[in-house]
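Below is one structure, written out as structure tokens, with a few remarks after it.
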Amino acid sequence: MIFGIEPMLFAAAVAVALFAGFVKGAVGFALPMILISGLSTFLTAELALAGLILATLLLNVAQAFRQGVAAAWGSVKRYWRLIACVMLAIVVSAPLVTVLPDRVMYLLLGVPIAAFTLSQLLGRQLILPARSRARAEVATGLVGGFFGGISGVWGPPVIAYLLSFNTEKIEMVRVQGVVFLIGAVMLVGAHLGSGVLNAQTLPFSAALVLPAALGMAAGVRVQDRVHPDRFRKLTLVILTIAALNLVRRGLMG
């Protein structure tokens, strides 16, 4: 047994973390989505959630500060409503992780995101006016934080928001890192309190950091070479796949 897990299952978890890190490096997100959907196919939902927490925290440190502290702080000041609402909702919803059925959680998150991304890929591009930014940030932060607290996944609503305002590639990736980092700090605290992250699950979570980091390093090289239009489409495709997988998990129970 490795961290209380069968060796073959642990090796599978490492492979999932490596792939999840690569995707995050390439498009700036999807690490927790891939980890929760991948790990939960052969581990309990609570162990899968615990497994993604430390990798999510540490890899977002690197992503948030890639252009320096000043750029990261600028993103905090510009998107403070979004960040504050994510933090609040994570704290409120985290205790529900042991109450809300897994399938309900997956469907609530997957269905609306799949509908949004598929409509975008089919040419119904939604670009919201600047005057809607404040309301959209509050709504996105609350929805994203709610799902973040119960599943460790708050990326899809945030990405949908950034796409809706046609955010430039470098800023989009940096903002994701900043929002996800602050949310990850809240997630660690929330699930130390909920009991999901404990003496038994912390070592497993720590073990997934290195493979995820190696995958991210490879993915960043891809990101730097991708044209902005192709980057947007790649982001939508990955977001659609992740959302549909969540729907599949919800329907299959």
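For segment 169-202, the tally of residues that are hydroxyl-bearing (S, T, Y) and either touching a Pro at 6+ places or on another chain (Cβ under 8 Å) or closer than 17 Å to V153 by Cβ (or both) stands at 1.
Name the residue that is farthest from the chain's Cα centre (by Cα), counting only residues in segment 4-21 that are crowded, with 24+ Cβ neighbours inside 10 Å and under 19 Å from L239 (Cβ atoms). Write out each step before concluding.
Filtering segment 4-21 down to residues crowded, with 24+ Cβ neighbours inside 10 Å leaves 13, 16-17, 20-21.
Now drop any that are not under 19 Å from L239 (Cβ atoms), which leaves 16, 20-21.
Numbers: V16: 14, A20: 10, G21: 11 Å.
Among them, the one singled out is V16.
Selection of segment 94-111 for residues being touching a residue at least 12 places away in the same chain (Cβ under 8 Å) and surrounded by fewer than 20 Cβ atoms within 10 Å (Cβ to Cβ) yields P95, L96, T98, L100, D102, R103, V104, L107, L108, V111. The number of residues in segment 167-178 that are modelled with pLDDT under 85 and β-branched (V, I, T) comes to 1. The set of residues in segment 226-239 being surrounded by fewer than 18 Cβ atoms within 10 Å (Cβ to Cβ) and within 24 Å of L107 (Cα to Cα) consists of K233, L234, V237.
The values are calculated or read from the model by the stated rules, or taken from the named source; none is laboratory data. Not measured: the values here are computed from a predicted model. Quick reminder, even Gly has a Cβ in these numbers, built from the backbone with ideal geometry, and neighbours come from all protein chains shown.
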